[in-house]
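The next block holds one structure in the form of structure tokens; read it before the comments.
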Amino acid sequence: MKQLKYIGWMICSLFFLVSCDKETEGMSKVLHFSLEGDETMLVTVGTSYNEPGYAITLDGVDVSGNVEIRGEVDARNVGLYYVAYIYTNDDGVQTRLNRTVIVCDPTVETDIAGRYATVEGTYRLAGGNEVPFPGFGVNIYKIAPGFFEVSDFLGGYYHQRAGYGAAYAAKGYVQLMKDNTLKLINSSVAGWGDSLTGLQDGVYDPVTGSLSWCADYAGMLFLSLIHISEPTRPY
């Protein structure tokens, strides 16, 4: 009887040890992955971008050889650039870090940031028909000197007038040139997964504090005239 109890105890102990080994094998290793420098960097146009790099260890061991850097920064042109740092472990699982690099022109001192509203003369042109839509809001934010984010290049047409919601605003970035003209950097309409075809005749009038542009989108033209003022509808 004692021998049977001893054998039973050995079997239970063995099962416990095997279980512990399996749990230990399944434990995650400790990964430390961080960017050197800032997540958002400003670079003066015409200079150069120096990659700050990153630091990465797995259980205290450097594994930088398993990191791929994707994305390029063109310091010759004002713009918004994204750099991705991707670590892939032995099982093919990826961990990703991102950096945003803004190339800007610090000699442009004019600030066009503010709350604007579309005014009379704002319309959508489609199939030869003009649809006016004054009284809707557009926000403009300063990101860096001469570099601005626009809440809706379509002047609130789908977001506010049609009531589709913020996902259908054509958001993006513009560069304000020294002659107060606007140059499109990029844009996107999240709801439809597309962007503007182009932006023409963009200009800022410092005397009246107004902005105007013609956005080419999905075969239609959206002429927006906006003035700094409180809009007639919330946005």
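Can you find even one residue in the stretch 121-129 that is at negative phi, open to solvent by less than 30 Å² (accessible area, probe 1.4 Å), touching a strand residue (DSSP E or B) at 6+ places or on another chain (Cβ under 6 Å) and not acidic (Asp, Glu)? Even if it seems obvious, please write down each step before you answer.
Filtering the stretch 121-129 down to residues at negative phi leaves 122-126, 129.
If we keep only those that are open to solvent by less than 30 Å² (accessible area, probe 1.4 Å) too, we end up with 122, 126.
Remaining after also requiring touching a strand residue (DSSP E or B) at 6+ places or on another chain (Cβ under 6 Å): 122, 126.
Cutting the leftovers down to not acidic (Asp, Glu) gives us 122, 126.
Yes, there is a match, as at least one residue in the stretch 121-129 is at negative phi, open to solvent by less than 30 Å² (accessible area, probe 1.4 Å), touching a strand residue (DSSP E or B) at 6+ places or on another chain (Cβ under 6 Å) and not acidic (Asp, Glu).
Picking from Gly191, Gly198, which residue would you name as being surrounded by 14 or more Cβ atoms within 10 Å (Cβ to Cβ), without any contact (Cβ under 8 Å) to a residue 40 or more places away in the chain and either farther than 14 Å from Val150 by Cα or acidic (Asp, Glu) (or both)?
Only one candidate qualifies: Gly191.
Answer yes if at least one residue in the stretch 186-193 is at pLDDT below 95, among the aliphatic types (A, V, I, L, M) and either in contact with a Pro (Cβ under 9 Å, 6 or more places away or on another chain) or part of a loop (DSSP other than H, G, I, E, B) (or both), and no otherwise.
no
Would a scan of the stretch 60-72 turn up a residue that is of a type in the set (Val, Ile, Thr), under 27 Å from Ser187 (Cβ atoms) and in contact (Cβ under 8 Å) with a residue 40 or more places away in the chain?
No.
Which one of Ala162, Ala113 is out of contact with any strand residue (DSSP E or B) (no Cβ under 7 Å at 6 or more places or on another chain) and either open to solvent by 40 Å² or more (accessible area, probe 1.4 Å) or touching a residue at least 12 places away in the same chain (Cβ under 8 Å) (or both)?
Sole residue among the options that is out of contact with any strand residue (DSSP E or B) (no Cβ under 7 Å at 6 or more places or on another chain) and either open to solvent by 40 Å² or more (accessible area, probe 1.4 Å) or touching a residue at least 12 places away in the same chain (Cβ under 8 Å) (or both): Ala162.
So, in the stretch 92-110, how many residues would count as being open to solvent by 40 Å² or more (accessible area, probe 1.4 Å), part of a loop (DSSP other than H, G, I, E, B) and touching a strand residue (DSSP E or B) at 6+ places or on another chain (Cβ under 8 Å)?
Qualifying residue count, the stretch 92-110: 2.
For Ala215, indicate whether it is within 30 Å of Thr44 (Cα to Cα), in contact (Cβ under 8 Å) with a residue 24 or more places away in the chain and of a type in the set (A, V, I, L, M, F, W, C).
On the way: within 30 Å of Thr44 (Cα to Cα): yes; in contact (Cβ under 8 Å) with a residue 24 or more places away in the chain: yes; of a type in the set (A, V, I, L, M, F, W, C): yes.
Yes; evaluated as a whole, the condition is true for this residue.
Take the residues of the stretch 165-185 that are of a type in the set (A, V, I, L, M) and not in a helix (DSSP H, G or I): which is surrounded by the fewest Cβ atoms within 10 Å (Cβ to Cβ)? Let's see the steps before the verdict.
Of all residues in the stretch 165-185, those of a type in the set (A, V, I, L, M) come to 166-167, 169-170, 174, 176-177, 182, 184-185.
Those left that are additionally not in a helix (DSSP H, G or I): 169-170, 174, 176-177, 182, 184-185.
Numbers: Ala169: 27, Ala170: 28, Val174: 26, Leu176: 26, Met177: 17, Leu182: 21, Leu184: 21, Ile185: 21.
Only one residue fits best here, namely Met177.
Just to verify a result, which residue in the stretch 140-155, among those that are touching a Cys at 6+ places or on another chain (Cβ under 9 Å) and of a type outside the set (A, V, I, L, M, F, W, C), is least open to solvent (accessible area, probe 1.4 Å)?
Selected residue: Gly146.
The values are calculated or read from the model by the stated rules, or taken from the named source; none is laboratory data. Fair warning: this is a prediction, and the values are worked out from it, not measured in the lab. Quick reminder, even Gly has a Cβ in these numbers, built from the backbone with ideal geometry, and neighbours come from all protein chains shown. Surface accessibility is based on the protein's heavy atoms, side chains included, excluding ligands, DNA and RNA. Shrake-Rupley method; radii C 1.70, N 1.55, O 1.52, S 1.80 Å.
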